[in-house]
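A quick write-up on the structure given underneath.
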Amino acid sequence: MTAQAAWLDAFLAAERLPASYARTVELAALPLAEQIAGLAHPVTLGVCGPQASGKSTLCAVVARLLEARGLSAAVLSIDDLYLTHEERQALARDVHPLLATRGPPGTHDVALGHAVLDNLRGSGVTALPRFDKARDTRKPRAAWDEIVGPVDVVLFEGWCVGARPQAPEALRDPINALERDEDAAGVWRRYANDALAGPYQGFFARLDRLVMLRPPGFEVVLAWRIEQEHKLKARLAAAGEDPARTQSDAALARFIAHYERLTRHILAEMPGRADVVIDLDDARRVTGLARRPV
């Protein structure tokens, strides 16, 4: 066994990652960490990828690799910036019922995101917001994680991080049954697109680098998300907890439909401008990493 292989085995064991994740570490996490370590700090890295593509795990591993190089790193998910359940219920009542579902642009607290990034650049303690998906609302402030700044590297991950809006004419026709049956007039999709074109662009402009996890197509996303949910259900059952907290396959299909329009747009538009594109196969294995020429 080579020294590199021995180190990798020890790293995977320490991080409680399966041996199958070695390829992702070698082909994606290590190159990313090396590239980030060579940048001027502080730096904010955006990591975009569809649901269940492995963004959270990748960012956690890269953060550990950066810390091993003497750099401080914080991981923030756009999921933790969701508006509260009550705030989304108000949007559902006042704008469109589909805004009750978290995820699409217009359902995040962008001002909170700005405040967190500002605080991470300064000295002192920054509280990182955390969202409770089981309860569908933000966790109490006392349950947020804390980190001492200034932080060298912020890894900001999310399914639409760095996304750009669609042209207005692209919104005219529904893209799936959800839009056809529940957003026939296009109010919901225009609201999300307007939010993305407005406050979100100012927020994403704070990214110094953008990394994209690219699946072979949108069609694999639902299968990945169902697999993820089945694993969660098994873990809950093994721990003696109520698996009813999880979603059925049919519920997941409807949930993922909320994300289809923008995910397809990202897959078509983002690869040409992302600083790094990490290609995945249908089993989420890394098949390649490409850097945009500087």
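Laboratory data are not the source of any read-out in this text; all were calculated from the coordinates shown. Predicted, not measured: the structure shown is a model, and the values here were computed from it. Note: ideal-geometry Cβ built from the backbone for every residue, glycine included; neighbour counts use all protein chains shown.
Just to be sure I understand: with springs between alpha-carbon atoms less than 10 Å apart, which residue in Leu120, Leu71, Leu17 has the highest mean-square fluctuation in the Gaussian network model of the chain?
Most flexible of the set in this elastic network: Leu17.
Treat every Asp and Glu Cβ in the range 137-294 as -1 and every Lys and Arg Cβ as +1, leave all other atoms uncharged, and give the resulting dipole magnitude about the Cα centre to the nearest 20 debye. Please list the in-between numbers first.
Working: 24 positive and 24 negative charges, 51 e Å.
That gives a dipole near 240 debye.
For the range 269-281, in order, what is each residue's ³J(HN,Hα) by Karplus, 6.51 cos²θ - 1.76 cosθ + 1.60 with θ = phi - 60°, in whole Hz (x at glycine and Pro)?
After applying 6.51 cos²θ - 1.76 cosθ + 1.60, I find 9, 6, x, x, 10, 5, 6, 9, 10, 9, 7, 10, 8 Hz.
Which residue fluctuates the most in the chain, going by a Gaussian network model with Cα springs under 10 Å, if the choices are Leu267, Leu66, Leu12?
Leu12
Of the candidates Tyr191, Tyr82, Tyr200, which one comes out as most mobile in a Gaussian network treatment of the chain with C-alpha springs shorter than 10 Å?
Comparing Tyr191, Tyr82, Tyr200 in a Gaussian network model of the chain, the most mobile one is Tyr191.
Taking a quarter of the surface of the Cα convex hull of the range 129-185, what do you get in nm²?
Working: hull surface 28.3 nm².
Its Cα hull, projected and averaged over all orientations, spans 7.1 nm².
If I take the Cα coordinates of the range 103-202 and project them onto the principal axes, what are the three extents in Å, biggest first?
Principal axes ranked by extent give 49, 29, 17 Å for the Cα atoms.
Eigenvalues of the Cα gyration tensor times 5, then square-rooted: what semi-axes does that give for the range 153-276, in whole angstrom, largest first? If you can, show how the numbers build up before the last one.
Numbers: eigenvalues 157, 90, 35 Å².
Taking √(5λ) for each eigenvalue gives 28, 21, 13 Å, largest first.
Work out Dmax and Rg for the range 35-115 from the C-alpha atoms and quote the Rg first, both in angstrom.
16.2, 49
Restricting to Cα pairs below 8 Å that are 6+ residues apart, what does the relative contact order work out to for the chain? Please round to a whole percent.
Working: 431 pairs, mean separation 67.6, N = 294.
Once divided by the residue count of the chain, the mean separation gives 23 percent.
For Lys233, list the aspartates and glutamates whose Cα falls under 13 Å from its own Cα; do not include residues on the same chain fewer than 8 positions away.
Those aspartates and glutamates meeting the cut-off are Glu241, Asp242, Asp249.
What's the magnitude of the charge dipole for the chain around its Cα centre, counting Lys and Arg as +1 and Asp and Glu as -1 at the beta-carbon? Answer in Debye, nearest 20.
In debye, rounded to 20, the chain gives about 160.
Could you grab the Rg to Rh ratio for the chain? Cα atoms only, Kirkwood for Rh. Don't skip to the answer; put the middle values down first.
Working: Rg = 19.2 Å, Rh = 20.1 Å.
Result: Rg/Rh = 0.95.
Whole percent per 5 Å bin, from 0 to the bin with the longest distance: what is P(r) over all C-alpha pairs of the range 1-151?
Histogramming the range 1-151 at 5 Å steps yields 2, 8, 15, 18, 17, 15, 12, 7, 4, 2, 1, 0, 0 percent.
Work from the charge dipole of the chain (Cβ charges, +1 for Lys and Arg, -1 for Asp and Glu, about the Cα centre) and give the residue of Thr2, Gly49, Cys160 farthest towards its positive end.
So the residue furthest toward the plus end is Thr2.
Could you pull out every residue, at least 5 positions away or on a different chain, whose amide H is within less than 5 Å of the one on Leu76? Hs are placed 1.01 Å off N in the peptide plane, and Pro or chain starts have none.
Long-range HN contacts for Leu76: Leu155, Phe156, Glu157.
Karplus couplings for the range 163-174 from phi (6.51 cos²θ - 1.76 cosθ + 1.60, θ = phi - 60°), rounded to Hz, Gly and Pro as x?
Computed from phi, the couplings for the range 163-174 are 5, 10, x, 7, 5, x, 5, 6, 8, 4, 9, x Hz.
Enter the Cα centre distance for the pair the range 260-294 and the range 103-130, rounded to the nearest angstrom.
Comparing the Cα centres of the range 260-294 and the range 103-130, I get a distance of 25 Å.
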